[in-house]
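Inspection log for the structure reproduced underneath, given as structure tokens.
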Amino acid sequence: MFSLIVIWIHVIAAMFWIGGMLFFSIILVPSLRLCLAGEQRAVLIRFVGRRFRLYGWISFAVLFATGLLRLMQNGLLISEYGYVLKVKFVLVFVMVLLTLLHDFIFGPKSRGREQSPERKHTYLKTGRWIARINLVVGLLIVLSAVSLVRGF
């Protein structure tokens, strides 16, 4: 029963993280482009992004902890399963790195008062691309997780 609860918590945390990224990029940002002016839209996106960031990092911590618990329960197999698990770990590492870049470097620099408007725009565009790439990496993590559970 404990194993089932750990898996359930792991899946909920993954759903929150990936679902939040999908909602943000497919629903929220395009909707705000249609109904709010530039500065109002930017303020709301920053507010929602900061609020999501806290819970996103919490979900990362939960994913990490429950993933470690699952590893301790099952062990790392030297097989195709082990190979896919290693791929998943690399993708998770890339996702954490991209999220750190987005949240703590490009995001703040795109709003920095000391930056020229051209520089702010460059940081903003780079941050948007990092977020898009991060979403793709997240979806690949889900694919690797499904292949671990359902086979190859």
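Out of PHE47, PHE52, PHE106, one residue alone is at negative phi and under 14 Å from the mean Cα position of the chain (by Cα). It is PHE52.
Number of residues in segment 87-126 that are touching a Ser or Thr at 6+ places or on another chain (Cβ under 7 Å) and part of a loop (DSSP other than H, G, I, E, B) equals 0.
Contact annotation: residue pairs with Cβ atoms under 6 Å, 6 or more positions apart or on different chains, pairing a residue in segment 42-60 that is within 18 Å of ASN134 (Cβ to Cβ) and part of a helix (DSSP H, G or I) with a partner that is open to solvent by less than 70 Å² (accessible area, probe 1.4 Å) and charged (D, E, K, R), are ARG53/ASP103. Could you please find all residues in segment 112-144 being among the β-branched types (Val, Ile, Thr) and over 22 Å from VAL11 (Cα atoms)? Once the filter is applied, which keeps residues that are among the β-branched types (Val, Ile, Thr) and over 22 Å from VAL11 (Cα atoms), segment 112-144 yields THR122, THR126, ILE130. Taking every residue in segment 112-128 that is closer than 17 Å to LEU98 by Cα and pairing it with any residue that is surrounded by 12 or more Cβ atoms within 10 Å (Cβ to Cβ) and among the hydrophobic types (A, V, I, L, M, F, W, C), at least 6 positions away or on another chain, the pairs with Cβ-Cβ distances below 7 Å are TYR123/PHE106; THR126/PHE106; GLY127/PHE106. Residues that are open to solvent by 80 Å² or more (accessible area, probe 1.4 Å) and closer than 20 Å to ILE12 by Cα were ranked within segment 75-111; the one that is modelled with the lowest pLDDT is PHE89.
The values are calculated or read from the model by the stated rules, or taken from the named source; none is laboratory data. Worth saying up front: this structure is predicted, and the values here are computed from it rather than measured. In this analysis, Cβ positions are derived from the backbone assuming ideal geometry, glycine residues included, and neighbour counts consider all displayed protein chains. Protein only, heavy atoms only, side chains kept; ligands, DNA and RNA dropped before computing areas. Shrake-Rupley method; radii C 1.70, N 1.55, O 1.52, S 1.80 Å.
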